[in-house]
Structures are given as structure tokens and as C-alpha cells.
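Scroll down for the structure; my scribbles are underneath it.
The values are calculated or read from the model by the stated rules, or taken from the named source; none is laboratory data. All of these numbers come straight from a predicted model, not from anything done at the bench. Quick reminder, even Gly has a Cβ in these numbers, built from the backbone with ideal geometry, and neighbours come from all protein chains shown. Side chains included, ligands, DNA and RNA excluded: accessible areas come from the protein's heavy atoms. Shrake-Rupley method; radii C 1.70, N 1.55, O 1.52, S 1.80 Å.
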Amino acid sequence: LHVDDDPEFARMTADLLEERHERLCVRTEPDPETVPDEERLADVDCILSDYDMPRMDGLELLQAVRKMNVDCPFILYTGKGSEEIASEAISDGVTDYLQKASGRDHYVLLGNRIRNAVSEYRKHRALRESEERYRALVEGSPNAVCIVKRGEIVYANRRFVDLLDADDRS
């Protein structure tokens, strides 16, 4: 999702990204205030946002999206960059920060940054989901399960603790 209050620039960027990276599908949105919406963000893999927009800047948009527990990559893409904005963006948790530029190489770079950010996000999400499934399976298992490392129990599920009639704190 490319959020930019200049619809012509947003459409041009979307077209150039899709042309140079066939696997990218870019939707544009000129009004950042409409973005923090569960339905609108349901299928978004990455948000590419301008910084300087009326009523809500890119960092305010980032904060609004994160308050919704949306953790997809967020790339601040700005024409009015400064070290101060970059520093604040990094502190606020943007995935990447890139200044707008022209030329074929720029859109190749931007597309690569988007693809890399999405790839990393998907890897971390898959790992987190795998860990959650594993934890649910082990913790909810009717079987006693424990993990021993170097002769010390480092994990025991409830069934194991109950079986030994042991105290959780020991």
C-alpha cells in the first residue's frame, strides 16, 4: 500500500514498481487518515508512506497502524528527508527509510527494499506462528513433556508437573 497525498506521484511510483518487479502489486491511497482500518489493511504486506502529508504525517500514520497491532513492514518514503526525521522514524520503529528520487535504478532499489522487508516479515511471522503452534501443542498435551539440557529441566508442561506432583517454582 503506497500512501501519498500526491495521487499522480503515487500512481507513477506504483506503475514503475510493478513494471520493474513483476511480483509487486501496489495499491495507492492519497488520504492517510483512511489507512488505519482493519478491512483496508487485511491483505497489506507492506506500507510505503510519504512523510509530509496534510492532517497526518507518515510517523503519525505509523503510530496509528501500530496501535492496531498491524506489524507489517512500514517504509517511510519521503521527499523532505532530514537526519532529524530519519532518526525519529527509526526510533518510532519504521522498517526502512528512503528518500524519493528519480531514475530507473531508484525504483529497482525501492522495489528490492520492499521485497526484502516483506520477505523478512514473512519469515519472522512464520517462525512466530510455528512457535505458537508448538507451544499450544506441548502445553495442551495430555502427555507429560519436559526438556532437559545438560542434566537440568529447562521446561516442563503442566501434565509433567502434575504427574510428579511437583511445584511449578521448583
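Rounded to whole numbers, the Karplus 3J(HN,Hα) couplings from phi for segment 14-30 are 4, 4, 5, 5, 5, 5, 8, 9, 4, 7, 8, 10, 10, 9, 10, 8, x Hz, using 6.51 cos²θ - 1.76 cosθ + 1.60 with θ = phi - 60°, and x at Gly and Pro.
Using the Cβ of ILE114 as centre and a radius below 9 Å, the other residues enclosed give a net charge of 0, where K and R count +1 and D and E count -1. Surface calculation, 1.4 Å probe, protein heavy atoms: TYR134 sits at approximately 120 Å² accessible. The fraction of accessible area contributed by carbon and sulfur in segment 117-170 is 51 percent, rounded to a whole number (1.4 Å probe; ligands and nucleic acids excluded).
Extension gain for GLU129 to SER91 (0.36 nm times residue separation, less C-alpha to C-alpha distance): 11.0 nm.
Solvent exposure of ILE114, expressed as accessible area, is near 20 Å², computed with a probe of 1.4 Å over the protein chains only.
Determine Rg/Rh for segment 1-67; Rg is computed over alpha-carbon atoms and Rh is the Kirkwood hydrodynamic estimate from the same atoms. Radius of gyration relative to Kirkwood radius: 0.96.
Database remark: amide H of PHE74 closer than 5 angstrom to the amide H of ILE47, THR95, ASP96 (H placed geometrically; neighbours at sequence offset of 5 or more, or on other chains; Pro and chain starts carry no H). Treating each Cα of segment 60-105 as one equal point scatterer and applying the Debye formula with no solvent, the log10 of I(q)/I(0) at q = 0.18, 0.21 Å⁻¹ comes out as -0.57, -0.72. Charging the Cβ of each Asp and Glu at -1 and of each Lys and Arg at +1, and nothing else, the dipole of the chain about its Cα centre rounds to 980 debye. Charging the Cβ of each Asp and Glu at -1 and of each Lys and Arg at +1, and nothing else, the dipole of segment 70-170 about its Cα centre rounds to 520 debye. When the trypsin sites (Lys or Arg not before Pro) in segment 58-112 are filtered for DSSP coil states and for at most 14 other beta-carbon atoms within 10 Å of their beta-carbon, the remaining sites are LYS80. Using the Cβ-Cβ distance between CYS146 and ASN112 with R0 set to 35 Å, the FRET efficiency works out to roughly 0.20. Normalised Debye scattering of segment 27-170 at q = 0.13, 0.15, 0.17, 0.20 Å⁻¹ gives log10 I(q)/I(0) of -0.70, -0.80, -0.93, -1.20, counting only Cα atoms as equal scatterers and leaving out solvent. Exposure check, 1.4 Å probe, all protein chains in place: VAL148 carries approximately 80 Å² of accessible surface.
Taking the charge dipole of the chain about its Cα centre, with +1 at Lys and Arg Cβ atoms and -1 at Asp and Glu Cβ atoms, the residue from ALA64, GLY111, ASN143 reaching farthest to the positive side is ASN143. Placing R0 at 30 angstrom, the Cβ-Cβ distance between GLU120 and GLU83 gives a FRET efficiency of 0.75 after rounding to 0.05. Considering only alpha-carbon pairs that sit under 8 angstrom and 6 or more positions apart, the relative contact order computed for segment 44-170 is 17 percent. Helical content of the chain, expressed as a calculated mean residue ellipticity at 222 nm, amounts to -15000 deg cm²/dmol (DSSP H runs of 4 or more residues, -39,500 (n - 2.57) each, divided by residue number, nearest 500).
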